[in-house]
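The structure appears below as structure tokens.
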Amino acid sequence: MIRALLADDQTLVRAGFRSILSDEDDIEVVGEAANGVQAVAQARELRPDVVLMDIRMPELDGLEATNQIVTDARLDGVRVIILTTFDLDDYVYGALKAGASGFLVKDTEPAELIHAVRVVARGDALIAPSVTRRLIAEFAGRVKRPEPGPELNALTEREREVMVLVAAGLSNDEIAERLVLSPATVKTHVSRIMTKLRMRDRAQLVVLAYEAGMITPGWLTP
């Protein structure tokens, strides 16, 4: 059973998400928070699998709440999905860099919301949707690119190749098809990359790939 926590200052939004998720046999909404302070407190108390986190909330915004959750060693298994509208994107890049596992726009379709919760709960990141890729690309292009760290030098040529395709938003199956590998082999490569780079999930790999200049904003695979 996937345990979900809803954090949004709008009661109707929380009620809508609760209604959608509670209809699923494998998802349980275990709590609700109306601000970032409550979100962090409930994450620590309830230890949900996934937090649906609004960016703009009173007392503590969603970005700082996300930072507090993903940097808390006691909450290592808790994943955060950022909820945003298209005009709040400056915050999205920071949230992904901090360790959020992806984001959704608030008017997302119910099926997409359910899919997102399941994807993130199993440890993957919500990278594939084109809107996600566009936003990460746009804001990664604004940041100052640091010199690639020594960790990147530890990657094999194949691992670098896999990382670039992850950054382009391809799934393991799509990467396997592109490189003529088995999905299991690709999964192993991704796991090793994250271990070597000390990344929490695929979302952070995407950010690092852009920052290190391994892929340029707007680059898409044919």
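What a 1.4 Å probe finds exposed on segment 1-123 is 48% carbon and sulfur by accessible area, rounded to a whole percent. If you plug each phi of segment 36-41 into the Karplus form 6.51 cos²θ - 1.76 cosθ + 1.60 with θ = phi - 60°, what whole-Hz ³J(HN,Hα) values come out, in order, with x for Gly and Pro? Per-residue couplings from phi come out as x, 4, 5, 4, 5, 4 Hz. Stretched out straight at 0.36 nm per residue, the stretch from GLU177 to ALA111 would grow longer than its current Cα-Cα span by 21.1 nm. Using alpha carbons only, the radius of gyration of segment 1-69 set against its Kirkwood radius gives Rg/Rh = 0.95. Using the Cβ-Cβ distance between THR156 and GLU211 with R0 set to 22 Å, the FRET efficiency works out to roughly 0.60.
Could you tell me the calculated FRET efficiency between ALA15 and ARG122, based on Cβ-Cβ distance and R0 = 45 angstrom, to the nearest 0.05? It would help to have the intermediate numbers written out before the result.
On the way: r = 26 Å, r/R0 = 0.58.
After rounding to 0.05, the efficiency reads 0.95.
The solvent-accessible area of ARG56, taken with every protein chain present and a 1.4 Å probe, is close to 140 Å².
The values are calculated or read from the model by the stated rules, or taken from the named source; none is laboratory data. What you are looking at is a predicted structure, and each value in this text was computed from that prediction instead of being measured. Neighbour counts are summed over all protein chains in view; Cβ atoms, including those assigned to glycine, are modelled from backbone coordinates with ideal geometry. Ligands, DNA and RNA are stripped out before the accessible areas are found, and what is left, the full protein with its side chains, is counted by its heavy atoms. Shrake-Rupley method; radii C 1.70, N 1.55, O 1.52, S 1.80 Å.
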